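The values are calculated or read from the model by the stated rules, or taken from the named source; none is laboratory data. This structure is a prediction, so every number in the text was calculated from the model and none was measured. For neighbour counting, all protein chains shown are included, and Cβ atoms are generated from backbone atoms with ideal geometry for every residue, glycine included.
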Amino acid sequence: MDGKPNILSLFPGEIGVSPDYRQKQIFAWLGKKGARSFGEMTDLPKALRAELAERYALESPRELTRLVSADGTQKILWELADGERIETALMRYRHGVSVCLSTQAGCRQGCAFCASGGNGLSRSLSAGEMLAQALYCGEEISRAVLMGTGEPLDNFNETVRFLKLISHPDGRNLGLRHISLSTCGDVPGILKLAELGLPVTLSVSLHAPDDETRGRLMPINRRYPISELMDACGKYFAKTARRISYEYVIIEGLNDSPGHARRLALLLRGRPAHVNVIPYNPVPGKPFRRPGADAVRRFARELEGLSATVRRTLGADIDGACGQLRSASRAGREPPP
Ligand code: SAH
């Protein structure tokens, strides 16, 4: 890295060139037109382009691998300027394409079932590095979910900066209502985010209806048990009026019994909630399995009365689970062709 600040992380007023309107113009080149070099900004004076190149980095992350699944899901492995590797996924739905972004290289949360936390946290990403995943993924995206590698609330300031950058009317202008932020349940982070009142959908990785089960799967539950998490979710709704989405990764023999489902229904009944039941994506080397289709159906049946969906498994033929491409590449294994 040459140590220059990444211009993608900046708002128009921060670029620091004159006259003032040029900053907006540059910001639009980046966010609206997807420029990947200053040379492309043809309506700027040459001297200004040279000044920008002198002062700022505009490095696109290097695309190392792109896997395309039979169902249209794509996974991209990128290399950042300092050699860190991160993953981005693209999911094709009827209503458009969602991009699933990483907020960190690695993760410090260490959830037992997850491929991302295996090697701990390498570093957090800058807002510009998050934005680059959306701008350069090669698709016109209509939604963004912060559900790739990393815990967004462990990288709070850059994540919020990213949310404001991507939704800026002079830039990419993706509405905050089309963005979801997924957290493992960092209660202080949720409360801090609630205070900002951004209309972003909060996705909470719940995965269990009781502290005993959840504590076994997610270390964070020992710090912030379910009752505190639910209080924080209530406050988030009070501030933003956005219904909370609860993710429930269903794992064979661990959290998949009808009893778990009934306790989940009891926990969420009467709350502004949507439940996303996600059949577990097996991770090589982990002792967890996806329940059979019957068990998933039985589980979902017990959730009657709640708003709930069972997520289709997308991209299972291309190393579906988060972080698997990155960890395969770190281990020196070639990703599948
Ligand atoms: N740290 C944030 C966001 C990243 S994880 C969070 O915990 O929410 C995104 C989602 O994928 C989380 O719900 C996570 O629990 C889930 N997940 C992780 N590994 C998975 C796997 N192997 N199969 C299915 N879902 C998984």
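Only one of these is in contact with a Leu (Cβ under 8 Å, 6 or more places away or on another chain) and not in a helix (DSSP H, G or I): Gly171, Gly128. Name it. Step through it out loud before you land on a result.
Numbers: Gly128 fails: not in a helix (DSSP H, G or I).
It is Gly171.
Quickly run through region 11-57 and pick out the residues that are under 32 Å from the mean Cα position of the chain (by Cα) and among the polar types (S, T, N, Q).
Gln23, Gln25, Ser37
Checking the condition in a strand (DSSP E or B) and either at pLDDT 95 or above or among the charged types (D, E, K, R) (or both), which residue from Lys24, Lys4, Lys75 passes?
Details: Lys24 fails: in a strand (DSSP E or B); Lys4 fails: in a strand (DSSP E or B).
Exactly one of Lys24, Lys4, Lys75 is in a strand (DSSP E or B) and either at pLDDT 95 or above or among the charged types (D, E, K, R) (or both), namely Lys75.
Of the residues Ser126, Ser167, Ser102, which single one is modelled with pLDDT of 95 or more and in contact with a His (Cβ under 9 Å, 6 or more places away or on another chain)? Outline the logic, then answer.
Details: Ser126 fails: in contact with a His (Cβ under 9 Å, 6 or more places away or on another chain); Ser102 fails: in contact with a His (Cβ under 9 Å, 6 or more places away or on another chain).
Criteria check complete, one pass: Ser167.
Filter region 277-296 for residues that are aliphatic (A, V, I, L, M) and free of Cβ contacts under 8 Å to residues at least 12 places away in the same chain and give the result.
Step one: filter region 277-296 for residues aliphatic (A, V, I, L, M), giving 277-278, 283, 293, 295-296.
Matches in region 277-296: Ala293 only.
Which one of these does Ala321 not meet: (1) within 11 Å of the ligand (Cβ to nearest atom); (2) assigned to a loop (DSSP other than H, G, I, E, B); (3) at pLDDT 95 or above?
(3)
Can you find a residue in region 205-221 that is in contact with a Lys or Arg (Cβ under 8 Å, 6 or more places away or on another chain), basic (Lys, Arg) and either at pLDDT 95 or above or surrounded by fewer than 20 Cβ atoms within 10 Å (Cβ to Cβ) (or both)? Reasoning before the result, please.
To start, the set of residues in region 205-221 that are in contact with a Lys or Arg (Cβ under 8 Å, 6 or more places away or on another chain) comprises 206-210, 215, 221.
Those still in the list that are basic (Lys, Arg) too: none.
The answer is no; no qualifying residue exists.
Among the residues in region 246-265, are any assigned to a helix (DSSP H, G or I), among the polar types (S, T, N, Q) and within 12 Å of the ligand (Cβ to nearest atom)?
Kept after step one, since they are assigned to a helix (DSSP H, G or I), are these residues of region 246-265: 258-265.
Then drop every residue that is not among the polar types (S, T, N, Q), which leaves none.
Taking every residue of region 246-265 in turn, none turns out to be assigned to a helix (DSSP H, G or I), among the polar types (S, T, N, Q) and within 12 Å of the ligand (Cβ to nearest atom).
Looking only at region 174-223, count how many residues are assigned to a loop (DSSP other than H, G, I, E, B) and within 13 Å of the ligand (Cβ to nearest atom). Lay out the reasoning, then the answer.
Keep residues of region 174-223 that are assigned to a loop (DSSP other than H, G, I, E, B), which gives 174-175, 184-186, 197-200, 206-210, 218-219.
Next, from what is left, pick out any that are within 13 Å of the ligand (Cβ to nearest atom): 184-186, 206-208, 218-219.
Of the residues in region 174-223, 8 are assigned to a loop (DSSP other than H, G, I, E, B) and within 13 Å of the ligand (Cβ to nearest atom).
From the residues in region 135-161 that are assigned to a helix (DSSP H, G or I) and within 16 Å of the ligand (Cβ to nearest atom), which one is surrounded by the most Cβ atoms within 10 Å (Cβ to Cβ)?
Going through region 135-161, the residues assigned to a helix (DSSP H, G or I) turn out to be 135, 152-161.
Those still in the list that are within 16 Å of the ligand (Cβ to nearest atom) too: 152-156, 158-160.
On the way: Pro152: 29, Leu153: 23, Asp154: 18, Asn155: 24, Phe156: 17, Glu158: 19, Thr159: 26, Val160: 19.
This residue is Pro152.
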